[in-house]
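Accompanying notes for the structure given below.
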Amino acid sequence: MFKGFTRFLQSPGEHLKALLGPQDAPGGSTGLRIIPRQEHPVSRQHFSDGALKVLYRLHNAGFEAYLVGGCIRDSLLGRMPKDFDVATDATPEQVKELFRNSRIIGRRFRIVHVRFGREVIEVTTFRGKPGDDHGDHIAQQSDDGLLLRDNVWGNIQEDALRRDFTVNALYYSIADFSIHDFADGVRDIEARTLRLIGDPATRYREDPVRMLRAVRFAAKLEFRLDPATEAPIREHASLLLQIPPARLFDEILKLFMGGHGLDTFHLLRHYDLFAMLFPEADEAMAELPWAERLVELALESTDRRIAEERPVTPAFLFAALLWGPVQLRLAALEADDMPPIPALQAAAQQVVSRQLQHISIPKRFSLPMRDIWDLQQRLPLRRGRRVYQTREHPRFRAAYDLLLLREAAGELEPDLGDWWTAFQEADEHEQRRLLGKVGADPAGSGAPRKRRRRRRKPRGPSGDA
């Protein structure tokens, strides 16, 4: 079985063409296609233990249970699946009764998270089409078509048509290990095409985040957008302003922290979506010749670190994304004779305040981000003990990395970054030489000395010193 999967990895397109068969050539009939186990490469060996436990417990309790969406799509593309979503006819309450390690979340869409250690399996009930007889507590839509609540349960066919893209409407049955393809998703995988199910304009109005998902999947999978799926995006980009900032923060992490951030950024700019997420950064890119390049370099670095399985933090990425706006506001405040340090603090506050209207940035990221910005003013100050204090700052490494990107982007001359690189790698004697080179007093530029305790004078019998 594993050898067969290995052969599939070498040429997934040819194997998918074989799955389609001659009667399923483009332009053929659409509808449900069931692909039996012996005709596809998806194996339980590639599913997590948690996903299999959920599937089998639901199945043994008499419910339908399917793995659905990205894990099946990625398996057919020859990629090892990572995230596992389960679809079932069991209601959220019934799922929760089966799993003590679960909780129901969400109001707009009620789903169940089943936790196995650090792994979370997302379980959704088959969704149906809202009708006029459903109250607002079950299904609700705004006047603009935005889905505010959608908790109408249905069957698997209805659920498939409620999903966003054809390549995500693929269901793996734990009952007989077959794949159920409801929207010609296998054909679109073979063609490397991302296609929305239903009328794209309507689907984008229902949930504007689908535009971000389209861009993210196109970058991640290296798919092209179907022309009908692509056409309404620019016109509907402003609908993203209706989405709560907290939800958009989660989407930003998926867009930029998934290992394909640079390609995603280019697509966001291409479809005018970036300006809806980071309006001030978009404005800065139009005014500052280095601002866009700085963001590209930061995303390129993040993608590389993710590929190397090294740690990354959103704080650094947000610091790079919003540095251009900070610099524009800083220049304006200094032009009004505000001193540099309070000007930077004021500029940072203004930029963050405006950004929070679009994307929520939790304090666990916004505070380190501001530290990184503050250190950009301290890095040029290379005198005395201040140098060692700067180097020992918890955010020094991130601030140093941003400094290098600023130089590479053309904002600064490549001098300060070289000095800090040499200083970090130098021994104590060489560090003193480097400090002397920038005009510091060698006698007073050593590493910070330990404070000597002041000896208290003995007190007299009355308690007076």
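For D176, what accessible surface area do you get with a 1.4 Å probe? Give it in Å², rounded to 10.
The accessible area comes out at roughly 80 Å².
Positive end of the dipole of region 225-266, charges at C-beta (+1 Lys, Arg; -1 Asp, Glu), about the Cα centre: which of I243, T264, L225 has its Cα farthest in that direction?
Farthest towards the positive pole: I243.
Mind giving me the nanometre distance, one decimal, between the label points for R115 and R103, set 7 Å out from Cα along Cα→Cβ?
Placing both labels 7 Å beyond Cα along the Cβ direction yields 0.6 nm.
Ignoring ligands, DNA and RNA, what percent of the accessible area of region 255-294 is carbon or sulfur (1.4 Å)?
49 percent
For the pair D83 and D272, what calculated FRET efficiency results from E = 1/(1 + (r/R0)^6), where r is the Cβ-Cβ distance and R0 = 51 Å, to the nearest 0.05?
0.95
Can you pull the one-decimal nm distance between simple spin-label points at A422 and H393, each 7 Å off the Cα toward Cβ?
2.2 nm
Identify, among A191, Y204, Y171, the residue whose Cα sits farthest towards the positive end of the charge dipole of region 158-205, taking +1 on the Cβ of Lys and Arg and -1 on the Cβ of Asp and Glu, with the dipole about the Cα centre.
In region 158-205, that residue is Y204.
Taking all protein chains as present, what is the carbon and sulfur share of the accessible area of region 303-400, in % to the nearest whole number, probe 1.4 Å?
Accessible surface attributable to carbon and sulfur in region 303-400 totals 51 percent.
Okay, which of region 250-266 sit inside 20 Å, backbone N to the point 7 Å along the Cα-Cβ direction of E222?
255-266
The values are calculated or read from the model by the stated rules, or taken from the named source; none is laboratory data. From a predicted model like this one, the values you see are computed outputs, not experimental measurements. Backbone-built Cβ (ideal geometry, glycine too); neighbour counts: all protein chains shown. Only protein heavy atoms, including side chains, enter the accessible area calculation; ligands, DNA and RNA are left aside. Shrake-Rupley method; radii C 1.70, N 1.55, O 1.52, S 1.80 Å.
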